[in-house]
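In what follows, a structure is listed as structure tokens, so that the remarks can point back to it.
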């Protein structure tokens, strides 16, 4: 079944888009220009500082002050965050841009705000301000929390075309099951993950799809993102069965693959 409509009660909980690019040393001087361009959709802004966790084996010859000084230069990271009045945000660092949304109901279908339009709006303004000929990586990721009304093999198999070895490890006995693979899809790549676990005291199958492409010309980003969406959507449709479509067709508010 090809998904061609927006479901009232879909399984996806979060969708994210990211590009990574060579570190731009001048990016801080351009933030104000970008902020003015995207203020209509992202009116709230803030500056975040994130640090990595540091474990030090400095050896007999090294001085701790020198190690900490190097960490101060390389370990800290500035994140310029721009938030929409709706439930999505843009996070910009010196070498990456990410849009994270819990709001959008569709990538490109008519009938609701499209995640594709949010990507296009942000990236058009970003590339107008920051001249980048090529991006190192483009990624599109969906995280779905899918229902399991009864925790047994029969129900699980009727809902999902899963990769879990349930012939050996019974669903009823499992506290958690996890699977991860990285595969090629033509010129693109897909990280596919399945996790059976408790979500708010209820067992669910969490599906995590992360499609990505490497070394893409900046003026081709939207075509590549469209291809990644098709790969993710096809894999999602291969995984779920009719009872999940019926679940998504019932009432509620959510997002569509």
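Results, tabulated for the structure shown:
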item	result
Cβ-Cβ under 9 Å pairs, at least 6 apart or on other chains, region 77-91 side at negative phi and in a loop (DSSP other than H, G, I, E, B), far side surrounded by fewer than 16 Cβ atoms within 10 Å (Cβ to Cβ) and modelled with pLDDT under 95	86/113
Residue check, residue 136 assigned to a helix (DSSP H, G or I) and in contact (Cβ under 8 Å) with a residue 24 or more places away in the chain	no
Qualifying position, being over 26 Å from residue 47 (Cβ atoms) and in a helix (DSSP H, G or I), among 117, 128, 110	117
Matching residues, region 104-129, being modelled with pLDDT of 95 or more and either surrounded by fewer than 17 Cβ atoms within 10 Å (Cβ to Cβ) or closer than 16 Å to residue 35 by Cβ (or both)	114, 117, 120, 121, 122, 123, 124, 125, 126, 127, 128, 129
Count of region 138-179 residues which are in contact with a strand residue (DSSP E or B) (Cβ under 9 Å, 6 or more places away or on another chain) and surrounded by fewer than 11 Cβ atoms within 10 Å (Cβ to Cβ)	4
Residue within region 193-206 that is farther than 27 Å from residue 246 by Cα, in contact with a strand residue (DSSP E or B) (Cβ under 9 Å, 6 or more places away or on another chain) and surrounded by fewer than 18 Cβ atoms within 10 Å (Cβ to Cβ) present	no
Pick from region 198-257, criterion in a loop (DSSP other than H, G, I, E, B) and in contact with a helix residue (DSSP H, G or I) (Cβ under 7 Å, 6 or more places away or on another chain), ranking: modelled with the lowest pLDDT	257
Which listed residue is under 30 Å from residue 118 (Cα atoms), more than 21 Å from the chain's Cα centre (by Cα) and at pLDDT 90 or above, from 20, 37	37
Neighbours by Cβ (under 7 Å, 6+ apart or cross-chain): first from region 27-47, free of Cβ contacts under 8 Å to residues at least 60 places away in the same chain and at negative phi; second in a loop (DSSP other than H, G, I, E, B) and loosely packed, with under 12 Cβ neighbours inside 10 Å	43/85
Any chance residue 162 is touching a residue at least 12 places away in the same chain (Cβ under 8 Å), in a loop (DSSP other than H, G, I, E, B) and under 23 Å from the mean Cα position of the chain (by Cα)	yes
Residue match in region 76-95 (condition: more than 27 Å from residue 209 (Cα to Cα) and at pLDDT below 95)	yes
Residue tally, condition outside any strand (DSSP E or B) and more than 25 Å from residue 133 (Cα to Cα), over region 1-41	13
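The values are calculated or read from the model by the stated rules, or taken from the named source; none is laboratory data. In this text, all values refer to a predicted model and were calculated from it rather than measured experimentally. With ideal geometry, Cβ positions are generated from the backbone for all residues, glycine too; neighbour counts draw on all protein chains shown.
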